[in-house]
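The values are calculated or read from the model by the stated rules, or taken from the named source; none is laboratory data. Nothing here was measured: the structure is a model prediction, and the numbers come from that model. Cβ placement follows ideal geometry from the backbone for every residue including glycine, while neighbour counts extend to all protein chains displayed.
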Protein chains: 2
Amino acid sequence: MKKTIGMLGMALLSGVLFSCNGGTNTTEPMKTGYTDMEALEAIFSRKSVRQFVADRPVEQEKIELMLRAGMAAPSAMDRRPWEIVVFSDRESMDQLAESLPYAKILTQAPMAIVVCGDREKSEHNWYIDCSAVTQNILLAAEALGLGAVWTGVYPGQERVDLVSAALGLPEHIIPLNVIPIGYPDGEHQPKDKWDESKVHYNKW
Amino acid sequence: MKKTIGMLGMALLSGVLFSCNGGTNTTEPMKTGYTDMEALEAIFSRKSVRQFVADRPVEQEKIELMLRAGMAAPSAMDRRPWEIVVFSDRESMDQLAESLPYAKILTQAPMAIVVCGDREKSEHNWYIDCSAVTQNILLAAEALGLGAVWTGVYPGQERVDLVSAALGLPEHIIPLNVIPIGYPDGEHQPKDKWDESKVHYNKW
């Protein structure tokens, strides 16, 4: 399993990811070039990674791919209530880590993504939509050879307050999680969570 | 872009998806054979599909892959609060459609998955975990050449009551959504939702 992005992909990244078809709202996704990891492989091999290679930053191209993956999520009534805060350099990460004493892992990670929801746009569904955004980001990270871990913020009020203060979020923007991301240090294996007893056919 | 599962993959499906390494909790994911769609391609090409090829059922092997994909989601404190109800034949689907007058699309789809959460296992996070489960299922469907659409149930109390009654769910099991699934009829294009103004670097 190669984890490198093809040169073609890297070149394409400086342009656009989609080729628009006229003035409509629909697009043709690019078919190849970013990663050769299969979709199901990424889903089954995704795991929580909490150890990162020190001093190895995540390329801006990969950051943008993760953000684009996040915003490709479905959303209730197409309201797209997400906002994303990205911490992408050591200095910013250290400042963030200092503000969030519960999130020590931030001192080790080269970057982090905070997925937030706009509750004015989607009061009852923002946290559901933003969870789908987060899963897309985690899978994109896996496919790009990165490691990441979903550390929950919402609905814990204390954590929401702490992260909101650290990031200076407006009152209607709620942080769902903090996702440290980097190149995995060491081997990390996915858990096998398959449990057939949780499947119910045609009735409970 | 081929959408067929390799013969090797289909053969493997009758066995196990994971090769366990001894008695530990970790596993080695299978690397190939199920689909050749790239992870990022699946993420960017996923779209809501509401028209399905009539009388073309979804193969049991693909159903199980979607369920396995769902249960590969992360969960807060590893509580895995998900339960999944699968409707997989015409007769069961028609009965379900009759019970849920708001979900007319069920009369057209060959199958549906209802992702539920166990609020006793994870009172404050089940709907977040189950949203990640759902996104994995939608991406697996896309990768397997299927179409699907997330129709929300929770947190709308009226819908929760209706679906719970139709499925005979215990009180502590809450339905998050109903996902009709089938082979797409016609062409369906993903929306381009990328919006750079929703990205904030190193501060709000």
In the set B:Pro81, B:Pro57, the lone residue that is more than 8 Å from chain A (Cβ to nearest Cβ), of a type outside the set (A, V, I, L, M), under 22 Å from B:Gly168 (Cα atoms) and within 18 Å of the chain's Cα centre (by Cα) is B:Pro81
Give region B:170-204 a look and list any residue that's without any contact (Cβ under 8 Å) to a residue 60 or more places away in the chain and either over 23 Å from A:Ser75 (Cβ atoms) or in a strand (DSSP E or B) (or both), or say none.
B:Pro170, B:Glu171, B:His172, B:Ile174, B:Val199, B:His200, B:Tyr201, B:Asn202, B:Lys203
For B:Ala140, only one of the following conditions fails: (1) at pLDDT 95 or above; (2) in contact with a strand residue (DSSP E or B) (Cβ under 8 Å, 6 or more places away or on another chain); (3) within 24 Å of B:Lys47 (Cβ to Cβ). What is its number?
(2)
When A:Gly147 is run through (1) closer than 23 Å to B:Val115 by Cα; (2) touching a Pro at 6+ places or on another chain (Cβ under 7 Å), the failure sits at (1)
Of B:Ala148, B:Ala140, the only residue that is closer than 20 Å to A:Arg79 by Cα and either under 12 Å from the mean Cα position of the chain (by Cα) or acidic (Asp, Glu) (or both) is B:Ala148
Take the residues in region B:174-204 that are buried (at least 22 other Cβ atoms within 10 Å of the Cβ) and facing chain A (nearest Cβ under 9 Å), then tell me which one is farthest from the chain's Cα centre (by Cα).
B:Leu176
Looking at region B:56-112, which of its residues are among the small types (Gly, Ala, Ser), touching a Ser or Thr at 6+ places or on another chain (Cβ under 9 Å) and touching a residue at least 40 places away in the same chain (Cβ under 8 Å)?
B:Gly70, B:Ala72, B:Ala73, B:Ser75, B:Ala76, B:Ala103, B:Ala112
Only one of A:Gln95, A:Gln135 that is assigned to a helix (DSSP H, G or I), within 9 Å of chain B (Cβ to nearest Cβ) and surrounded by fewer than 18 Cβ atoms within 10 Å (Cβ to Cβ):
A:Gln95
I'd like to verify a number: residues in region B:68-78 that are under 13 Å from B:Leu138 (Cβ atoms), facing another protein chain (nearest Cβ under 8 Å) and in a helix (DSSP H, G or I), how many?
1
Within region B:161-173, can you find the residues that are within 7 Å of chain A (Cβ to nearest Cβ) and in contact with a strand residue (DSSP E or B) (Cβ under 8 Å, 6 or more places away or on another chain)?
B:Leu167, B:Leu169
Just to verify a result, which residue in region B:76-92, among those that are surrounded by fewer than 24 Cβ atoms within 10 Å (Cβ to Cβ) and touching a Lys or Arg at 6+ places or on another chain (Cβ under 9 Å), is farthest from B:Val163 (Cα to Cα)?
B:Asp78
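Of everything in region B:34-67, what is assigned to a loop (DSSP other than H, G, I, E, B) and among the aromatic types (Phe, Trp, Tyr)? Give them in sequence order.
Keep residues of region B:34-67 that are assigned to a loop (DSSP other than H, G, I, E, B), which gives B:34-37, B:46-47, B:49-51, B:53-59.
Answer for region B:34-67, where residues must be assigned to a loop (DSSP other than H, G, I, E, B) and among the aromatic types (Phe, Trp, Tyr): just B:Tyr34.
Taking the criterion of being at positive phi and either in a strand (DSSP E or B) or within 10 Å of chain B (Cβ to nearest Cβ) (or both), would at least one residue in region A:139-158 satisfy it? Show your work before the answer.
Within region A:139-158, the first condition is being at positive phi, and the residues that meet it are A:145.
Keeping just the survivors that are either in a strand (DSSP E or B) or within 10 Å of chain B (Cβ to nearest Cβ) (or both) gives none.
No: zero hits.
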Search result, residues across region A:121-132 that are closer than 24 Å to B:Ala140 by Cα and in a loop (DSSP other than H, G, I, E, B):
A:Asn125
